[in-house]
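So the structure is just underneath, and the comments pick up after that.
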Amino acid sequence: MIRLHGYYRSSTSYRLRIALELKGLDYEYVPVNLLKSEQKGAAFTSRNPFGSVPLLEVDGKDYVQSMAQLEWLDEAYPDKPLLPGDVSDRYVARELAHAIATELHAPLNLPVLKYLANEYGKSQDEIGVWYRHWLARTLDPLEARLAQLGTGDFLFAKPGFFEVCLLPQV
Ligand SMILES: N[C@@H](CCC(=O)N[C@@H](CS)C(=O)NCC(=O)O)C(=O)O
């Protein structure tokens, strides 16, 4: 039994929703209301000490970081793989997906933006400047890298590991 504990506007939860659908896996969706800080409550943090969604629950076991969850899902359920078969192609998919996860999602994540406002007194306009800076700093080289690789509509023939990360971020 697969349960995805997530929030509808969370891009990391969205990664898992797309991956589960692409892999054709049945799952139950358990909403966690971030606006009510449910992810910080003891009931949730006793299962995920990071206090963030998504939490992936499979056969009673909890998995708590989205990038590792994606890789685990692909290994545990090898049908309809997200990662390509060729080792060099797998490298490229990971390279681009991790650029999004680490260089885009991380500095633009809501707790970071809230920290800028609450601890450093930054205005919404200033936070907008921060946001656009990190967007361009990663999306521009990402586009250049895709051009260099000569990709079509998808990185490879169909949506996979990279697109699972790209779409929610865009
Ligand atoms: N590195 C984590 C990040 C998870 C994350 O930041 N989730 C956000 C939603 S996109 C969240 O739960 N934010 C609420 C909070 O941190 O309080 C992952 O990839 O799973």
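Each reported figure results from applying straightforward, stated rules to the coordinates on display, with no laboratory input. Remember, predicted model here, so these are calculated numbers, not experimental data. So basically every Cβ, Gly included, is an ideal-geometry build from the backbone, and we count neighbours across all protein chains shown.
L135 to A157: extension gain in nm, 0.36 nm per residue of separation minus the Cα-Cα distance?
5.3 nm
Of all alpha-carbon pairs in region 87-169, indicate the percentage at a distance above 17 angstrom.
In whole percent, the long-distance tail amounts to 51.
At 222 nm, what value in deg cm²/dmol follows for the chain if DSSP H runs of at least 4 each add -39500 (n - 2.57) and the sum is divided by all its residues, to the nearest 500?
Result for the chain: -15500 deg cm²/dmol, rounded to the nearest 500.
Which ³J(HN,Hα) values, rounded to whole Hz and listed in residue order, are derived for region 80-95 from phi using the Karplus coefficients 6.51, -1.76 and 1.60 in 6.51 cos²θ - 1.76 cosθ + 1.60 with θ = phi - 60°, glycine and proline given as x?
Values, residue by residue: 6, x, 7, 8, x, x, 7, 5, 6, 5, 4, 4, 4, 4, 5, 3 Hz.
Could you give each residue of region 21-31 its phi-based ³J(HN,Hα) in whole Hz, using Karplus coefficients 6.51, -1.76, 1.60 with θ = phi - 60°, and x for Gly or Pro?
5, 4, 7, x, 9, 6, 8, 9, 9, 10, x
Size of the dipole of region 2-76 about the Cα centre, Lys and Arg at +1 and Asp and Glu at -1 on the beta carbon, nothing else charged, in debye to 20?
About 400 debye.
Just name one of N48, S123, A106: the one whose Cα is farthest towards the positive end of the charge dipole of the chain (beta-carbon charges, Lys/Arg +1, Asp/Glu -1).
Value computed over the given set: S123.
In vacuo Debye scattering of the chain, one point per C-alpha: log10 I(q)/I(0) at q = 0.10, 0.12, 0.18 Å⁻¹?
Listed by q, the Debye log ratios stand at -0.42, -0.60, -1.19.
Pairs on different chains or at least eight residues apart, Cα atoms closer than 15 Å: how many lysine pairs in the chain fit?
Summing the qualifying lysine pairs gives 4.
So in region 2-76, what percent of DSSP beta bridges are antiparallel if you round to the nearest 5?
Roughly 65 percent of the DSSP beta bridges within region 2-76 come out antiparallel.
Percent relative contact order of region 2-76, based on C-alpha pairs within less than 8 angstrom and at least six residues apart?
Normalised by residue count, the contact order of region 2-76 is 36 percent.
Write out the chymotrypsin sites (Phe, Trp or Tyr not before Pro) in region 1-106 meeting two conditions: DSSP loop, and at most 15 other Cβ atoms within 10 Å of their Cβ.
Passing both the DSSP loop test and the Cβ count: Y8, F50.
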